[in-house]
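Okay, so here's the structure we're looking at.
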Amino acid sequence: MKIILSSLFLIALSSLQAQNVTDYKYVIVPQLFKDFAKEDFQLNTGLKTALRKKDYEVVNENSIPLDVQINPCLATKANIEEVKVMFRNNLKVTFTDCNNAVVSSYEGSSKEKDFTKGYQEALTFAMNQVGKQNAKDLPVTKTENTTTIKETTNKVVTQVSNKTVENKNVYKSNGKNYTTASTNNNEFVLIDQENSQVIAQFYPAAQQNIFHVTVISQNGNYQTIGYLNGNNIIIEYKTGDKSWSTTTYSK
């Protein structure tokens, strides 16, 4: 992998060049849609069913696949918005990418007076416009920041998805067990054994045993640095706006 860094300590998450919802394999569907928080009208279930019929893999926000944890740009997020029109049940299904940019949107309308039946019919009309999933291995070419990354994403995804976990490499920290999974070009991920969640991805830096690290966090991913020191993995974690502390994972 070729990485051009604008700063030694910064590395950006990548964005896939997906132009349409059909370019995505994964669709994240939230438990609630903001416009329908008080009454769902079975829209959540209806959307999931329609997506599966078109070969999309529906993802729950609380159970993100490993490959999407490593690269959030592999998934699009769905939302259903209410479109207010007199004497009609109108809605819009919107799909956004990892940078919250709209990838695709589709509107549906119904004259049915019953709200549940009307919104379900409108959802059907909207989803009839959505093509079948046709995700391909797209090259990563752009990031939000000044970092430029060129790589083939599917190499990382395939190896991690096939659980190439090095079980012999068990590390301990604060009473918990962690293990590593190799990806490619001396890259690897650190995984919490208790829940199989990736907590960090390591990219080798120019200096030996120093890594650029993407920390995977529920509060938002961020970039930091990590080290290999004998049988230890050390990560500098953010503890505040301008403060950092190290955590050591030991064999």
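The values are calculated or read from the model by the stated rules, or taken from the named source; none is laboratory data. Keep in mind it's a predicted model, so treat the numbers as computed, not measured. For neighbour counting, all protein chains shown are included, and Cβ atoms are generated from backbone atoms with ideal geometry for every residue, glycine included. For accessibility, only protein heavy atoms count, side chains too; no ligands or nucleic acids. Shrake-Rupley method; radii C 1.70, N 1.55, O 1.52, S 1.80 Å.
Just so you know, in region 30-49 the residues that are among the charged types (D, E, K, R) and not in a helix (DSSP H, G or I) include one that is most open to solvent (accessible area, probe 1.4 Å), and it is LYS38. Take the conditions (1) surrounded by fewer than 18 Cβ atoms within 10 Å (Cβ to Cβ); (2) closer than 18 Å to PRO65 by Cβ; (3) at pLDDT 90 or above; (4) not basic (Lys, Arg); ILE191 misses just one of them, which is (1).
Close contacts from region 206-226, counting a first residue that is touching a residue at least 60 places away in the same chain (Cβ under 8 Å) and a second that is open to solvent by 10 Å² or more (accessible area, probe 1.4 Å) and small (Gly, Ala, Ser), with Cβ to Cβ under 6 Å and a gap of 6+ residues or different chains, come to HIS212/ALA205. Might you check whether a residue that is at pLDDT 70 or above and open to solvent by 70 Å² or more (accessible area, probe 1.4 Å) occurs anywhere in region 138-157? Looking for residues that are at pLDDT 70 or above and open to solvent by 70 Å² or more (accessible area, probe 1.4 Å), one finds none in region 138-157, hence no. For residues that are free of Cβ contacts under 8 Å to residues at least 60 places away in the same chain and open to solvent by 70 Å² or more (accessible area, probe 1.4 Å), scanning just region 232-251, find the one that is nearest to VAL68 (Cα to Cα). Per the stated criteria, the residue is LYS238. Put simply, of SER6, SER15 the only residue that is modelled with pLDDT under 95 and part of a strand (DSSP E or B) is SER15. Every test in (1) open to solvent by 20 Å² or more (accessible area, probe 1.4 Å); (2) over 21 Å from LYS238 (Cα atoms); (3) modelled with pLDDT of 90 or more is passed by ASN184 save one, and that test is (3).
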